[in-house]
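Since the structure comes first, as structure tokens, the remarks are kept for the end.
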Amino acid sequence: MSDIRQARKELTSRILEGDGKASPSERRAAFNNSGLAEPLGTLVDKVARHAHGVTDEGITAARVSGLCEDQVFEIVVCAAIGQATRQYDTALAALEAATGKE
Amino acid sequence: MRLRILESGHGFGTKALFALIRTVSRQPVLDVVKLAKYRADFYGGPMQGVTHEAMRGPSTWSVGDRELMAAFVAKTNQCEFCTKAHAAVAQRAYRDGKTVSALLSDLETAAIAEPLRATLLMLGKLTREHAVNAEDMRVVLAAGASRQQIEDALAVCFSFNVISRLADAFGFFVPGPEAFEAGAKYLLARGYR
């Protein structure tokens, strides 16, 4: 059996709690897709819900709002990992409900 | 790519590595590699740990099956880069002539084992609708997939629900088939570390 639990924990801990150019609260908000002001809120929601719809203009708008490229990089990474985490956790809970065991 | 730092913001050592890759493979460095190597302590390093375990860790799914899952998740996300990249790996991993592009385009009638088909359909729903329920899981179990196989498949799905989002958000360049073939050879020989 493959086991990504520890590696996933380390990944999430690094992006949310480690050093970064974006603040921890911004990274957490991007991960949760919640509580970000525009235009960042729209960009993060697109990354989470339909990333193929992200445009040059969406990235540019984030830059024009005052973020440097490293901050945009971190926020987009947090948004992608946050949504994939919610999908993964939901599926594991469904599997647990279907099998009724740890 | 939409961020200049991901294209050219790497340190001297990494740029030297990219030059070596270009020379040896005679192909451009794929944008997924540029992303993984940019400030690798933040994303690339920790993510490679997750992806290598999901794709090459112990599992009763074959490497080809897991690469097919990766391509299918990417296709569901409409991510052209990851679909082509991992279809190429799956095609190379399956040495029995399976046509991966046909599998991806018509999963319902494809000539694959039922546990794999049911698992792929569940991953597709999870990726498309962001959720599945217990009944969805019972269908996969009834098709013959074990609980552990489902967990292993969900690990693959997690990785490619991250990577395909980043590929599209950052605007990865989609190269020709030769570059993906070179990438497939590397991933089969070395994995994701």
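Brief remarks on what is shown
- Chain B - Rg over Rh from alpha carbon coordinates, Kirkwood radius: 0.98
- Only Cα sites of the range B:72-158 enter the Debye sum here, all with the same form factor; the resulting log10 I(q)/I(0) across q = 0.10, 0.18 1/Å is -0.24, -0.81, listed in q order.
- Overall Cα dimensions of the protein assembly as shown - principal axes, largest extent first, Å: 52, 46, 31
- Inter-centroid distance (Cα atoms) of the range B:45-95 relative to the range A:61-102, Å: 19
- Spatially close Lys pairs in the range B:46-190, defined by Cα atoms under 17 Å apart and a spacing of eight or more places or different chains, total 4.
- 3J(HN,Hα) along the range B:8-13, derived from phi through the Karplus expression 6.51 cos²θ - 1.76 cosθ + 1.60 where θ = phi - 60°, amounts to 9, x, 7, x, 4, x Hz, with x in place of Gly and Pro.
- Estimated [θ] at 222 nm from DSSP helical runs (n ≥ 4, -39500 (n - 2.57)) normalised by residues in the protein assembly as shown, nearest 500: -22500 deg cm²/dmol
- Candidates B:Leu126, B:Leu154, B:Leu17: whichever shows maximal mean-square fluctuation once chain B is modelled as a Gaussian network with Cα springs under 10 Å: B:Leu17
- Surrounding net charge for A:Ser23, when Lys and Arg each add one and Asp and Glu each subtract one, Cβ distance under 14 Å: -2
- Karplus-derived 3J(HN,Hα) values for the range A:94-99, using 6.51 cos²θ - 1.76 cosθ + 1.60 with θ = phi - 60°, are 5, 5, 4, 5, 6, 9 Hz; glycine and proline are entered as x.
- Projecting the alpha carbon convex hull of the range A:58-102 along each direction and taking the average yields 3.9 nm².
- Cross-link partners for B:Lys15 among the lysines, with Cα-Cα distance under 16 Å and sequence neighbours closer than 8 places in the same chain left out: B:Lys34, B:Lys37.
- Summed residue charge, Cβ within 13 Å of B:Lys75's Cβ, Lys/Arg positive, Asp/Glu negative: -2
- Rounded, prolate or oblate (a/c below 1.5 giving rounded, otherwise prolate when a/b exceeds b/c) for the range B:102-147 by Cα gyration tensor: oblate
- Across the range B:146-152, computed HN-Hα scalar couplings (Karplus, 6.51 cos²θ - 1.76 cosθ + 1.60, θ = phi - 60°) run 7, 4, 5, 4, 5, 4, 5 Hz from first to last residue, x flagging Gly and Pro.
- Viscosity 0.890 mPa s, 25 °C: Kirkwood-radius Stokes-Einstein D of chain A over Cα pairs, µm²/s: 168
- 0 to 90° range, to nearest 10: angle between helix B:114-129 axis and chain B longest Cα axis: 60
- Rg/Rg_globular for the range B:1-104, with Rg_globular taken as 2.2 N^0.38 Å and Rg from C-alpha atoms: 1.20
- A cut-off under 12 angstrom between Cβ atoms defines the neighbours of B:Val174, and their net charge, with Lys, Arg +1 and Asp, Glu -1, is -2.
No lab work stands behind these numbers, since they all come straight from the coordinates. If you're wondering where the values come from, they're calculated on a predicted model, not measured in any experiment. Quick reminder, even Gly has a Cβ in these numbers, built from the backbone with ideal geometry, and neighbours come from all protein chains shown.
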